[in-house]
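> The structure's right below; bear with me while I get my questions together.
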Amino acid sequence: MQFTSTDRYYLNPELEEIVNIAILMEKPLLLSGEAGTGKTQLAFEIAKTLGLEMEIARCKSTFKGEELCYVYDTVLRLNDSRFGTGDTGRNISDIWDYLRFGPIGRAFRSEKRRVLLLDEIDKTDSDTQDNLLDVLEDNSFIIREINHCVKAENKPIIIITSNAKRELSDPFLRRCFCHFIPFPQSDEISKIVKLHYPDIDKKLLQSSTDVFYKLRREGFEKPPATAELLDWLGALQQQGMKSPENDGEIAFLGSLLKRTEDILRFKRQRR
Amino acid sequence: MFIDFFQLLRRCGVPISFQFIIEFFAAWEKGLVTNLDRLFIVMRLIFVKRVEHFDAFERAFAAYFLGQIDRLQIPEVDTFLTSKPFQDWLNKQIEEGNLSPQAIHNMPLDELLQKFWETLLKQQEEHHGGNRWIGTGGTSPWGHSGNAQGGIRVHGAGGNKSAIKVLGQNRYTNYKQDAKLGAENIRQALATLKHMIPVGPQNELDVDETIYRTCKNGGEIDFVFKRELRDRLKVVLFMDNGGYSMTPYVRLVRLLFSKMRSQFKDLDFYYFHNCIYEGVYSDVQHRNFVPLNSLFQKDKDIRLFIVGDANMAPSELFSPYGAINYYVENAIPGIDWLRLIADTFPYTVWLNPIEKKYWYYQSSTLDAISEIFHMQDLTLNGLKNAVTYLEDKKEK
């Protein structure tokens with residue numbers, strides 16, 4: 001099982017090796033880094049390239065961890081016991097009819113190996129992460145109500161992303177391979193842009209990435225990231241512009257800088 | 001194998017556990033380590049869990065597997081001189097006109113090597129000891145000349161970057177634990193600060209109320225949820241924006257805390273010059289005077305951060321009428337005001353942009369102030385310690 005770069009997604013050779021090592025070592029891969037470095041996208045690309053199905057868990061701060069494995073729908077069972085199951089086909093005396101499996105549960109129970117994406121794990125609190133520790137370690141969890149152990153027959157490829165909003169706990173980090181994706185350098189970003197706009201004017205690409213990196217270095221509250229750059233280039237191309245500047249002003253500044261304060265600060269500096 | 005490298009990692013401050021070492025050998029058994037490049041990646045994946053340790057790891061790796069000048073033996077130097085990284089460096093120096101071939105010819109070997117390592121270890125303040133050039137005894141699969149043929153780029157412009165070639169670029173320097181606060185590591189600082197704020201699930205089953213209502217309902221289950229109370233903090237910052245030495249930090253600290261604004265119930269900035277006397281100013285220009293007495297009316301459990309270098313003329317701190325600004329006339333010395341602040345607001349931390357290791361060389365006022373307030377430096381580690389201090393205090 002070898003993961004390689006695709007024509008849709010630029011993969012840094014270092015990252016490519018890391019992904020393959022993580023797959024071989026059967027360890028969860030924790031990717032952190034700035035927004036717009038393609039962390040989440042990577043999981044999708046792995047699934048696509050290897051031809052595997054995906055389970056996606058987009059984390060919320062309210063998660064406790066267990067619902068990612070399974071949910072025991074007591075309310076539904078209670079309701080059924082009062083009002084009958086009707087023609088739903090559920091059997092009130094069979095607890096399995098009232099167990100819903102979350103992304104982790106589905107990935108573990110699947111007969112085929114799947115890619116499991118835990119997106120933005122840092123949104124959850126540290127208790128949740130602790131709850132997930134053993135699950136990730138042993139690739140198994142226990143349905144407490146019936147003391148049944150669900151063990152992964154085919155260990156999923158686990159990709160975890162974090163925006164570093166909050167620090168992750170040490171025990172959690174210990175169980176993962178961690179990789180911090182640095183923001184792409186200018187030669188890499190050119191490759192990424194070319195994947196999205198294959199016939200972009202070379203000069204335009206060069207001058208606009210220069211402007212882009214200059215803005216990034218200014219230390220704005222929300223520095224422009226890859227997504228902003230792509231939007232901006234899209235706008236420039238749409239207008240058939242040959243240079244990112246229009247009468248000395250950066251065109252479509254609003255697609256690069258999103259915050260009013262940043263835009264005002266930028267304009268002040270220009271003067 | 002590599003046992004002393006593992007020890008070196010620990011010495012460099014990369015926390016590694018025995019489990020990691022086992023994992024590394026498991027990877028080894030699986031044949032994942034096929035060359036030095038892979039060794040670098042595999043080791044980093046297994047041993048480095050936090051981005052602040054990346055830099056220390058890269059340095060330790062460079063030192064151990066690529067050698068360090070003070071440990072080189074004479075025969076090794078010869079091999080080294082013919083190796084590709086060194087030759088590349090030499091060519092680059094000549095190309096760029098930094099060194100003429102003539103000068104190189106005349107330069108003592110030591111000096112030449114020194115220059116080479118300086119390029120590599122640029123900006124490196126600490127030299128981690130105990131490193132050696134691997135492969136001298138032929139015990140390791142990686143002899144240094146092997147390294148060289150592998151084309152390790154120690155420093156310089158790289159086209160196609162493989163992992164190891166970026167060594168020496170210090171990509172992660174800004175994420176180091178003792179890195180100064182800057183635009184690059186502000187995210188990490190934020191993550192640290194978020195530890196101050198308890199964030200839990202928003203909904204909780206109100207068991208008592210549920211039972212009560214269910215009984216009322218004749219046994220029909222009636223769930224009642226309550227919103228979990230969020231303890232939102234009030235944060236106040238006093239910032240020294242007097243001297244120009246403080247200016248960059250004022251902006252950074254403001255930015256840092258502003259990003260957190262939504263998390264705090266209140267966030268107020270005040271300014272002072274060198275030391276605090278009767279009051280502080282609510283604006284950067286020191287026009288709106290806010291007497292401390294009115295601030296003392298605030299909740300006592302606010303988190304107060306004082307940002308300043310605590311570096312001033314002793315008289316500004318210790319003598320009556322000591323203020324640097326002539327229009328501040330106050331008979332009570334600054335130090336007494338500071339004590340009063342510390343007594344009023346127990347959750348106070350002084351953040352000092354001067355790094356801890358240099359405190360010793362500063363004015364005696366720094367010492368005196370650090371006795372009154374818990375003082376940390378304005379680095380990632382310092383912020384972490386400050387937050388831990390505040391949290392510990394809360395629990396007591």
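The values are calculated or read from the model by the stated rules, or taken from the named source; none is laboratory data. What you are looking at is a predicted structure, and each value in this text was computed from that prediction instead of being measured. Positions of Cβ are generated from backbone atoms using ideal geometry, with glycine treated the same way; all protein chains shown enter the neighbour counts.
> Determine, yes or no, whether residue A:190 is in contact (Cβ under 8 Å) with a residue 12 or more places away in the chain, hydroxyl-bearing (Ser, Thr, Tyr), surrounded by 15 or more Cβ atoms within 10 Å (Cβ to Cβ) and within 21 Å of residue A:14 (Cβ to Cβ).
Details: in contact (Cβ under 8 Å) with a residue 12 or more places away in the chain: yes; hydroxyl-bearing (Ser, Thr, Tyr): yes; surrounded by 15 or more Cβ atoms within 10 Å (Cβ to Cβ): yes; within 21 Å of residue A:14 (Cβ to Cβ): yes.
So residue A:190 fits the description; yes.
> List pairs: first residue in region A:233-261 and of a type in the set (Phe, Trp, Tyr), second residue surrounded by 13 or more Cβ atoms within 10 Å (Cβ to Cβ) anywhere in the structure, Cβ distance under 8 angstrom, at least six positions apart or on different chains.
A:252/A:232; A:252/A:235; A:252/A:236
> Any idea how many residues of region A:8-49 are among the small types (Gly, Ala, Ser), more than 10 Å from every other protein chain (Cβ to nearest Cβ) and part of a helix (DSSP H, G or I)?
The number of residues fulfilling the criteria is 2.
Let's see how each residue does on (1) closer than 29 Å to residue B:185 by Cα; (2) at pLDDT 80 or above; (3) surrounded by fewer than 21 Cβ atoms within 10 Å (Cβ to Cβ):
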residue	(1), (2), (3)
B:7	yes, yes, yes
B:19	no, yes, yes
B:29	no, yes, yes
B:47	yes, yes, no
B:52	yes, no, no
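> Right, another one. I need the full set of residues from region A:63-72 which are within 14 Å of chain B (Cβ to nearest Cβ) and either surrounded by fewer than 16 Cβ atoms within 10 Å (Cβ to Cβ) or touching a Cys at 6+ places or on another chain (Cβ under 6 Å) (or both), in order please.
A:64
> How many residues are among the charged types (D, E, K, R) and exposed (fewer than 13 other Cβ atoms within 10 Å of the Cβ) when one looks only at region A:230-244?
We begin by selecting, within region A:230-244, every residue among the charged types (D, E, K, R); these are A:231, A:242.
Those still in the list that are exposed (fewer than 13 other Cβ atoms within 10 Å of the Cβ) too: A:242.
Residues meeting the conditions: 1.
> Identify, from the list B:384, B:357, the residue that is modelled with pLDDT under 85 and exposed (fewer than 15 other Cβ atoms within 10 Å of the Cβ).
On the way: B:384 fails: exposed (fewer than 15 other Cβ atoms within 10 Å of the Cβ).
Criteria check complete, one pass: B:357.
> Can residue A:195 be described as touching a residue at least 12 places away in the same chain (Cβ under 8 Å) and crowded, with 18+ Cβ neighbours inside 10 Å?
Working: touching a residue at least 12 places away in the same chain (Cβ under 8 Å): yes; crowded, with 18+ Cβ neighbours inside 10 Å: no.
The answer is no for residue A:195.
> Every residue in region B:29-48 that is in contact (Cβ under 8 Å) with a residue 12 or more places away in the chain, within 12 Å of chain A (Cβ to nearest Cβ) and in contact with a helix residue (DSSP H, G or I) (Cβ under 8 Å, 6 or more places away or on another chain), please.
B:37, B:39, B:40, B:41, B:42, B:43, B:44, B:46, B:47, B:48 - these are the residues of region B:29-48 that are in contact (Cβ under 8 Å) with a residue 12 or more places away in the chain, within 12 Å of chain A (Cβ to nearest Cβ) and in contact with a helix residue (DSSP H, G or I) (Cβ under 8 Å, 6 or more places away or on another chain).
> I've got another one for you. Could you identify the single residue in A:189, A:250, A:200, A:157 that is of a type in the set (Val, Ile, Thr) and in contact with a strand residue (DSSP E or B) (Cβ under 6 Å, 6 or more places away or on another chain)?
A:157
> Is it the case that region A:197-219 has a residue that's part of a loop (DSSP other than H, G, I, E, B) and within 11 Å of chain B (Cβ to nearest Cβ)?
Residues of region A:197-219 part of a loop (DSSP other than H, G, I, E, B): A:197-201, A:218-219.
Checking which are within 11 Å of chain B (Cβ to nearest Cβ) leaves us with A:218-219.
Taking every residue of region A:197-219 in turn, at least one turns out to be part of a loop (DSSP other than H, G, I, E, B) and within 11 Å of chain B (Cβ to nearest Cβ).
> Also: How many of the residues making up region A:220-252 are in a helix (DSSP H, G or I) and under 27 Å from the mean Cα position of the chain (by Cα)? Give the derivation first.
Taking region A:220-252 first, the residues in a helix (DSSP H, G or I) are A:226-238.
Pick out the ones that are also under 27 Å from the mean Cα position of the chain (by Cα) and you get A:226-235.
Of the residues in that region, 10 qualify.
> Against the conditions (1) of a type outside the set (Lys, Arg); (2) part of a loop (DSSP other than H, G, I, E, B); (3) more than 14 Å from chain B (Cβ to nearest Cβ); (4) over 26 Å from residue A:229 (Cβ atoms), where does residue A:4 fall short? Just the number, please.
Here residue A:4 meets the rest and fails (4).
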